[in-house]
Structure formats: structure tokens, C-alpha cells
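Below: one structure, written as C-alpha cells.
The values are calculated or read from the model by the stated rules, or taken from the named source; none is laboratory data. Bear in mind that the values here come from a model prediction, so they are computed numbers and not experimental data. Note that each Cβ is placed from the backbone with ideal geometry, even for glycine, and that neighbours are counted across all protein chains shown.
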Amino acid sequence: CADCFERGLLTGRHVLINAGPTREAIDPVRYISNHSSGKMGFALAEAAAEAGARVTLVAGPVSQPTPARVERVDVISAVEMLAACESALPADVFIASAAVADYRPASCAPGKLKKDPGSDDGMTLHMVRNPDILATLANHAQRPGLCVGFAAETDDVLGYASDKLTRKNLDLIIANDVSQPGIGFNADENAVTLIDRSLAPQPLAQASKQKLARQIIAVVAARLTNPS
Ligand code: CTP
Ligand code: CA
């Protein structure tokens with residue numbers, strides 16, 4: 001529905017988007033992270049800005065150029081990303097495209113960790129759960145009117161995605177099947193299914209992340225105008 005996209009659809013609205021991976025420090029030189037490129041979130045920020053919104057883009061460590069007229073806040077860890085997202089409130093829309101690390105090392109060693117020269121043993125890293133940024137904002141005193149999540153899944157993709165929609169108190173979830181080669185995580189193209197609270201799945205055909213971003217922003221704008 002590329003034709004649904006019109007400039008000015010989001011004029012006067014504040015759209016908050018997070019994107020990219022988070023990096024969880026082990027010591028001053030090492031971290032745990034994932035392969036998220038941030039492409040989908042940056043494409044959404046660009047499309048929202050083109051639709052006239054004021055856009056705040058909270059970005060983990062990625063190498064993507066900042067889209068025109070987008071206010072970018074760079075962060076490293078999940079805890080920092082949550083703080084930056086909360087600081088950006090109030091917002092009309094929150095789109096959580098970031099691949100937030102589910103766990104972080106319980107503590108970051110103050111100095112570079114050394115191997116034990118007297119032993120060939122492996123090492124165990126104690127990890128703790130990170131905060132859920134999306135669930136926190138979707139249950140916040142300043143909850144954005146429209147909270148949108150992503151769910152990259154394998155197997156029962158729509159089942160898992162609908163569970164997250166309900167569990168995290170979302171208005172919309174964008175599901176994609178990451179077992180399909182060439183789309184989704186770190187790829188240039190994606191194919192997604194939108195699921196809303198009526199649990200009616202709306203598939204969007206495989207396309208560039210730019211094209212899908214415009215379609216998603218058109219759906220978001222329509223929902224702000226006509227809440228269901
Ligand atoms: N998310 C988040 N904070 C987290 C984990 C996830 O905000 N600590 C958001 C993601 O940005 C995404 C949605 O929640 O929009 C779903 O992420 P996903 O990793 O699929 O879900 P989890 O709740 O982490 O469940 P699991 O990884 O166990 O499937
Ligand atoms: Ca996760």
C-alpha cells in the first residue's frame with residue numbers, strides 16, 4: 001500500500017524509535033552483542049520524518065547515516081537505551097525496533113580480564129536480565145498512545161508474536177520469520193506481518209526495508225487518526 005504514504009501524515013506528532021543492537025560490557029575491551037544492523041529502525045525514522053513527524057531515534061552502536069530532520073541519541077547498553085527512551089517522553093508513538101540484549105554481565109570488570117596462567121579451564125560469565133524497554137514504555141505513566149513492537153521469530157511466528165503483543169501491552173506487533181534466508185536480521189529486505197489487538201494478521205510482501213518502513217508508517221498514521 002505504498003500509495004497510502006503521504007507527506008504530512010504525521011505533522012505535529014512526536015515519534016520515538018529505537019534501533020540497532022545493544023552492547024553489554026564484560027570488561028573495558030570486551031562485550032556481548034548481536035548482528036542487528038539498525039537498517040529497519042533507521043528506515044522507519046526516515047519515513048516518519050518524511051511524513052512530517054518530529055522523530056527521536058535512540059540508536060545502539062551501528063554504522064548508519066542519520067536521516068534528515070531526525071534527532072539521534074547514541075547509546076551503548078540496554079540500560080542506557082531505556083534511560084534515553086524514557087528521557088524522550090512524551091511521544092505519540094513508540095516503535096521498538098532495537099535488538100536489545102536480553103542479558104548483560106552481572107558486573108563489568110574494572111580492568112581487562114586475564115586468563116589464569118595455571119589452568120586450561122573454561123570460564124563462566126554470570127549474566128543478569130536486562131530491563132524490557134518496550135514493556136516499560138508500554139506500561140509507563142507517560143505511555144505513548146501507540147506502542148509498536150517487533151518480533152523476529154522461527155517456528156510458530158504469529159503465535160509467539162501475538163503472545164508478545166498481549167504480554168507487553170502493545171497496540172501493534174510486526175512479526176517476521178527469521179528462518180527464511182535473505183530477509184530480516186541484518187538483510188536489506190524484509191517480509192513482515194502486522195498483528196493488532198484484534199489479532200487480525202496483515203501480511204506485507206517482501207520488499208526493501210525503505211518500502212516496508214513507509215507502509216508501516218502509513219499504518220501507524222492511520223491508527224493515530226482512527227484508533228480501533
Ligand atoms: N525488547 C525490549 N527490551 C528487551 C527485549 C526486547 O524492548 N529487553 C523489545 C524489542 O525491541 C522488540 C520486542 O521487545 O520490539 C520483542 O523482542 P524479542 O527479543 O522478540 O522478545 P523478548 O521479549 O526478548 O522474548 P524472547 O527473546 O525470549 O523471544
Ligand atoms: Ca529477546
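Structure data summary
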item	result
Any chance Ser107 is of a type in the set (Gly, Ala, Ser), surrounded by fewer than 17 Cβ atoms within 10 Å (Cβ to Cβ) and over 15 Å from the mean Cα position of the chain (by Cα)	yes
Any hit, region 191-203, residues being buried (at least 17 other Cβ atoms within 10 Å of the Cβ) and either basic (Lys, Arg) or touching a residue at least 40 places away in the same chain (Cβ under 8 Å) (or both)	no
Residue within region 92-114 that is modelled with pLDDT of 95 or more, within 25 Å of Ala151 (Cβ to Cβ) and among the acidic types (Asp, Glu) present	yes
Residue in region 41-54 that is surrounded by 21 or more Cβ atoms within 10 Å (Cβ to Cβ) and aromatic (Phe, Trp, Tyr) present	yes
So Leu57, is it at pLDDT 95 or above and away from ligand 2 (no atom under 16 Å from the Cβ)	yes
Residue within region 148-157 that is part of a loop (DSSP other than H, G, I, E, B), surrounded by fewer than 20 Cβ atoms within 10 Å (Cβ to Cβ) and among the polar types (S, T, N, Q) present	yes
Enumeration of residues in region 18-40 that are hydroxyl-bearing (Ser, Thr, Tyr), surrounded by fewer than 20 Cβ atoms within 10 Å (Cβ to Cβ) and touching a residue at least 40 places away in the same chain (Cβ under 8 Å)	Ser33, Ser37
Matching residues in region 86-120 - criterion: being within 16 Å of ligand 2 (Cβ to nearest atom), touching a residue at least 60 places away in the same chain (Cβ under 8 Å) and not in a strand (DSSP E or B)	Ser97, Ala98, Val100, Ala101
Failed condition for Ala78, given (1) under 16 Å from Pro131 (Cβ atoms); (2) more than 13 Å from ligand 1 (Cβ to nearest atom); (3) buried (at least 18 other Cβ atoms within 10 Å of the Cβ); (4) not β-branched (Val, Ile, Thr)	(2)
Selected residue [more than 16 Å from ligand 2 (Cβ to nearest atom), on the phi < 0 side of the Ramachandran plot and in contact with a Ser or Thr (Cβ under 8 Å, 6 or more places away or on another chain)] from Leu158, Leu146	Leu158
